[in-house]
Structure formats: C-alpha cells, structure tokens
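Heads up: the structure comes next, in structure tokens.
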Amino acid sequence: MLRHQLTLYLMSFSAAIAGLLFGFDTGVISGAIIFINKQFHLTPFQTECVISAVLLGALIGAISSGRLTDIYGRKKSLCASAILFVAGTVFSFLAHSPLLLMFGRFLLGLAIGNSSFSTPLYLSEISQKDKRGFIVGLYQLAITLGILLSYMVNYYYAQEGLWRYMLGFGLIPSSLLLFTLYLLPESPRFLMSQGKNNEAKAVLASIREKDKVESELYTIELTIAEESKTKSPFSIKPFRQVLLIGMGLAALQQLTGINTIIYYAPTILQTAGFHTSQAFLSTLLIGVVNVLVSIISLPLIDSIGRRKLLLSGLIGMMVSLLLLGLSVKLQASHPHLKPVMAISMMLYITSFAYSLGPMTFVIISEIFPLVIRGQSMSLAISANWLSNLLVAITFLSLIKWLGLTDTFYFYAFMCLAAISFVYWFIPETKGVSLEQLENNLMSGMPIRELGIPCNDTTNSPGEQHAT
Ligand code: BGC
C-alpha cells in the first residue's frame, strides 16, 4: 500500500514541476524587465509586449491544449510543453533583440498555457477521490514555489543586472521536467480510451491497491462508453451551465487582482514611497507567505472542503484590499502607516493562497462530466489566461486613471462579485467521486448541489476520477 502511494506521490511531484515553471516564468520578468529595459531601451509599448508575450502565448496554448491532450494523450502533451519550456528559455537567454526576446517569451507562454491545462487534468486522473484536492492542490503549491524561486533568482542576479541569467535559470527546472516526464506513465484513463486496456491496468496496479484495480477499470470503461455519446460542451443545457460556472470561476481567479500583487508588488511599494531594498524584501516575503500558506492549505481542501475555504478566503481578500487602498491613501500624511500596506498585501496573498488559488484548479478538474472534460477545462483555463492578460495590460492604466487607492477598491468590489458567485453557484465537491458529480448533473440537480453525496457506490473507481 505504501509503495502505491509513494509511486502516486512521485508521479504527482514530477508532473507538478510544470507548475513550478509556470510560477517561475511568469514571476521572473518582474525583476528582469528593469535590466532588459536598460539594455534595449524599450518603449513603454515594447515593455508591455515583452511582459504580455507570455500571457498571449499561454492563452493560445490553453485554447489548443484541449484537443492535443485528447488526441495525443496527457503525457505527450506535457512532453510538448517541456520541450517548449526548454526552447523558450534558450531563446530568451540568447535574445539579441526585443523581437527575439518576445518570441522566446511567447514560446514559454505556449508551454505554460498547455501545461496549465494538461497538468491538473493528468493529476486529477491519477489521484484517488479522497486525495484529489490534495494532489491537484500540489499544482498550485508548485506555482507558488516557482514564483518564490523567481524572486530569489532575481534578487541574486539583480546586483549585477544579469537579466539573461535570471531568464536562463529556467533551464534547470525545464530540463528536469523533460527528464521526469520521460519516466511518467500515461494516464490510465487515456490509455483505456485508446483501447490499451492492459497498459492501463499495469499503470493502475502501480498506484492502487490490488483489490481496487478491477473495479476502477470497470468504471473507467463505463464512462468511456458514455463518452462516445456526446461531445460538445455547448450541446445540452447542463453542460452549458457547468461550463459557464467553470469559466466564471477561472476568470474571477484573475479578475480579483492576484497578479497585480504578484507581478507588480515592487512597483506598488516603490510608488508608495518604500526604498528599493524595502520593496524587494517585502516582495520576497510575499513569495514566502504564498508558499507557506499553500502548503498549509493542502490537507484542508479535503477536510474543511472547497466552499468554506473559498468563501472565507474571498472575504479575507476583499477586506485586505480595502485596507490596502485605505493605507495607500493615508500613508502620504501618516508615513508610519507604511507597514500596514505591506501587512495588507500579505493578508491578501494569504487569503488567496488557501482559497481561490488552489480551489480554481481543483474545481475545474472536478465539475465537468467526462464527455466534455477536456474541452471544458481547456475553455476554463483559457478564460483564466484571457482575464490574466486583461488585468496585466490594464493595471498600470487603471492606476493612472483611478489612482492606486480606487484601483484596489475596484478589485475589492470584484471580490464581492466573486463571493456572490461562489455562494450561489459553486458546489461542495469534497469526497464525492467524479462519476457521482456527473450523475447528479445529468439528473438535473442545480449546480450548487452537485456535490451532495448520494449513495456513492463508485468509491474506488470513481476515484479515478479520471475517467
Ligand atoms: C494563478 C496565477 C497566480 C498564482 C499566484 C495561480 O493560481 O493562476 O495567475 O500568479 O496563482 O500564486
């Protein structure tokens, strides 16, 4: 039993390196851009293009990943991402013009977008239902570790302004991903869908107790038979409803402003009068808090449950944004309020890291019926990247237009919208098999009640979720 769990966790950790690269490659530019600017004398528009190239690539990567994973499998799709991670890093490291740099960053974006879809999918397909929250949550933890790593690498190379080394550092995790993916098995659910039942059985046997393998294979088979019936997520009303809710949650993860802090923390703190070193240190601290809270939250997802964590986290985010806005306003006349600014940023990150951060990936890997899971997850992740791009390219203009305080109040209002959305639409999926969720949806239950446990006879199989 221990051996099975160990194999499962090893597989999960290897796949989660893709999350680390997501965090690293999105976070690293915040420091590198200062020195890139010095070397290439970028115009503001070129600067925005260098920063947004990753997000645009990620959007395109996420849109195309649904079909790729369905046709070529989860593993090959992850391998394609790993190769793109390596290629994008090499291009960025060697770039001798802003255009080449944008191209390198765009390749990295394709890798991030594709893997931000296929990794949670792969993880949810190999995990058991009572550990699904934990295992998919690992992906978010990996993202936060990647962000922290990028902040540390930036800090290290910042003294000499070595931006190529900042970007090039990504070669270490991307090579590691390429290597570990080579060792990973394909998802049993995908193997079954290709008629490779013996291979699927062998993979399951390595990650499940012996007496659970057959029943799980059986459930996978049943759901695959179902799968051949309907395809489009737009075809029937319950599909459309659940798609809208998944996309809504994924968009709100970004529209509540997380990356205004992750990408712009040093800029915000400097604008508010922090010295560069103070701004840098506070940013590092934000990275550390993000990781620590993500670790603490992992076991809570399957014990406390998704809804309670989401709602309390969103309230925390809203309150801390109001506090942040207020402290920005007052600190000009009351400089001793500066620490309140940094503290409210920490509170905001803490609240996000145990709620909307991990839960978005957990919920969108759970709520879609198998027949539409690939396409729907890909659409939800695309909504996430599109909103990310939107926030990134409008944040600085919003500050110019509204001022820093009102900009944070605006994001606090978005948190309020997200609270209502979660309260009315998000189901509690803790401990319920994916098959049960699907049965409930198809029997016409309102989306918010999908997780109400019925006589769940699919215990072990369903776990597979995957299927
Ligand atoms: C989001 C990223 C964000 C990160 C911060 C992820 O869940 O998708 O956009 O930068 O969390 O930890």
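The values are calculated or read from the model by the stated rules, or taken from the named source; none is laboratory data. Computed from a predicted model, the values in this text were never measured in an experiment. A quick note on method: Cβ atoms are made from the backbone with ideal geometry, for glycine too, and the neighbour counts reach across all protein chains shown. Remember, those area values only see protein heavy atoms, side chains included, never the ligands or the DNA or RNA. Shrake-Rupley method; radii C 1.70, N 1.55, O 1.52, S 1.80 Å.
Worth a mention:
- Verdict on residue 218 being touching a residue at least 60 places away in the same chain (Cβ under 8 Å), away from the ligand (no atom under 16 Å from the Cβ), of a type in the set (Phe, Trp, Tyr) and surrounded by fewer than 22 Cβ atoms within 10 Å (Cβ to Cβ): yes
- Any chance residue 21 is within 16 Å of the ligand (Cβ to nearest atom) and at pLDDT 90 or above: yes
- Of all residues in the stretch 149-163 being within 16 Å of the ligand (Cβ to nearest atom) and surrounded by fewer than 24 Cβ atoms within 10 Å (Cβ to Cβ), the one that is modelled with the lowest pLDDT: 152
- Residue 327 passes every criterion in (1) within 16 Å of the ligand (Cβ to nearest atom); (2) of a type in the set (Ser, Thr, Tyr); (3) crowded, with 20+ Cβ neighbours inside 10 Å apart from (1).
- Any helices (runs of 4 or more DSSP H) falling wholly within the stretch 38-146 and containing at least 3 residues that are within 15 Å of the ligand (Cβ to nearest atom) and either buried (at least 21 other Cβ atoms within 10 Å of the Cβ) or of a type in the set (Ser, Thr, Tyr) (or both): 44-72, 98-126
- Residue within the stretch 267-288 that is within 18 Å of residue 70 (Cβ to Cβ), away from the ligand (no atom under 16 Å from the Cβ) and aliphatic (A, V, I, L, M) present: no
- Evaluating residue 292 against the criteria (1) closer than 20 Å to residue 369 by Cβ; (2) open to solvent by 70 Å² or more (accessible area, probe 1.4 Å); (3) within 16 Å of the ligand (Cβ to nearest atom) leaves one unmet condition, (1).
- Sole residue being within 18 Å of residue 120 (Cβ to Cβ) and at pLDDT 90 or above, chosen from 8, 55, 59, 68: 59
Condition check ((1) open to solvent by less than 10 Å² (accessible area, probe 1.4 Å); (2) more than 27 Å from residue 124 (Cβ to Cβ); (3) of a type in the set (Ser, Thr, Tyr)) across all residues:
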{"position": "398", "(1), (2), (3)": "no, yes, no"}
{"position": "402", "(1), (2), (3)": "no, yes, no"}
{"position": "406", "(1), (2), (3)": "no, yes, no"}
{"position": "412", "(1), (2), (3)": "yes, yes, no"}
{"position": "418", "(1), (2), (3)": "yes, no, no"}
{"position": "421", "(1), (2), (3)": "no, no, no"}
{"position": "425", "(1), (2), (3)": "no, no, no"}
{"position": "431", "(1), (2), (3)": "no, no, no"}
{"position": "439", "(1), (2), (3)": "no, no, no"}
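- Exactly one residue out of 145, 184 is at pLDDT 90 or above and in contact with a helix residue (DSSP H, G or I) (Cβ under 6 Å, 6 or more places away or on another chain), and it is 145.
- Residue check for residue 321: buried (at least 24 other Cβ atoms within 10 Å of the Cβ) and not small (Gly, Ala, Ser): yes
- Restricting attention to the stretch 375-396, the residues that are open to solvent by less than 10 Å² (accessible area, probe 1.4 Å) and more than 16 Å from the ligand (Cβ to nearest atom) total 1.
- For the stretch 277-287, the count of residues that are β-branched (Val, Ile, Thr) and open to solvent by 30 Å² or more (accessible area, probe 1.4 Å) is zero.
- Residue check for residue 376: under 19 Å from residue 63 (Cα atoms) and assigned to a helix (DSSP H, G or I): yes
- Cross-chain or 6+ apart pairs with Cβ under 6 Å, the stretch 251-266 first and more than 21 Å from residue 158 (Cα to Cα) and of a type in the set (Gly, Ala, Ser), then open to solvent by less than 20 Å² (accessible area, probe 1.4 Å) and within 11 Å of the ligand (Cβ to nearest atom): 251/387
- Residue 365 modelled with pLDDT of 95 or more, open to solvent by less than 10 Å² (accessible area, probe 1.4 Å) and closer than 30 Å to residue 442 by Cβ: no
- The criterion of being modelled with pLDDT under 95 and either open to solvent by less than 10 Å² (accessible area, probe 1.4 Å) or not in a helix (DSSP H, G or I) (or both) does not hold for residue 30.
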